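The values are calculated or read from the model by the stated rules, or taken from the named source; none is laboratory data. Computed from a prediction, not measured in an experiment: that's the story for all the values here. We place every Cβ from the backbone using ideal geometry, glycine too, and count neighbours over all the protein chains shown.
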Amino acid sequence: MDSASGDDKDVYIYLMSITIAHEIVHFFTCFLNGGDKPITPPNVTIPGWKEAGLHGGEAGRAWELAALGGIMEFYASPDCRLEIDQPGVPYLFENNLDKAGGQQVSMSYVRDYARTGGTSKHC
């Protein structure tokens, strides 16, 4: 990614938008579930969650799967001059299984999303 063109900033905006929405879903799920120690119901989850040995549900990832069509992950690029401070390269995976198919999210999509606040006709 090229910071001079603003791509890193665009990826950070995209990353933060997804992350904040993901965490708000957790908050509302637990709030609506109530109780002294609210947890995500185990049936609110994604394929591969239980197979990975993870317990309980995962509302944030379930939202990503429903809203984005997959599970979002950001991986470091060894070529990025920002090294540890980089936002990473966004990938969308079909589930949480070890052999899940995934694809890199198009930079033109990320750029369009970040620069229009997600209101573009392309988003």
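Checked across segment 66-87, the condition of being outside any helix (DSSP H, G or I), farther than 24 Å from Gly6 by Cα and touching a Gly at 6+ places or on another chain (Cβ under 7 Å) holds for no residue. No other residue among Ala114, Ala100, Ala21 is modelled with pLDDT of 90 or more and either under 13 Å from the mean Cα position of the chain (by Cα) or assigned to a loop (DSSP other than H, G, I, E, B) (or both) apart from Ala21.
Go through segment 75-91 and count every residue that is modelled with pLDDT of 90 or more and either surrounded by fewer than 18 Cβ atoms within 10 Å (Cβ to Cβ) or among the small types (Gly, Ala, Ser) (or both).
Residues that pass the stated criteria total 1.
Anything in segment 16-62 that is on the phi > 0 side of the Ramachandran plot and surrounded by fewer than 12 Cβ atoms within 10 Å (Cβ to Cβ)? List them, or say none. Selection gives Gly34, Gly35, Gly53. Here Leu54, Leu68 are screened, and the one residue that is over 17 Å from the mean Cα position of the chain (by Cα) and without any contact (Cβ under 8 Å) to a residue 60 or more places away in the chain is Leu54.
Residues in segment 103-117: is at least one small (Gly, Ala, Ser) and farther than 17 Å from Met16 by Cβ? Break it down stepwise before answering.
So the first thing to find is which residues in segment 103-117 are small (Gly, Ala, Ser), and the list is 106, 108, 114, 117.
Cutting the leftovers down to farther than 17 Å from Met16 by Cβ gives us 106, 108.
There is at least one residue in segment 103-117 that is small (Gly, Ala, Ser) and farther than 17 Å from Met16 by Cβ.
For first residues located in segment 88-108 and without any contact (Cβ under 8 Å) to a residue 24 or more places away in the chain, partners that are in a loop (DSSP other than H, G, I, E, B) and lie 6+ apart or on another chain with Cβ distances below 6 Å form the pairs Phe93/Gly70; Phe93/Ala100; Gly101/Glu94. Would you say Gly56 is more than 20 Å from Leu92 (Cα to Cα) and either assigned to a helix (DSSP H, G or I) or in contact with a Ser or Thr (Cβ under 8 Å, 6 or more places away or on another chain) (or both)? When the stated conditions are applied, Gly56 passes them.
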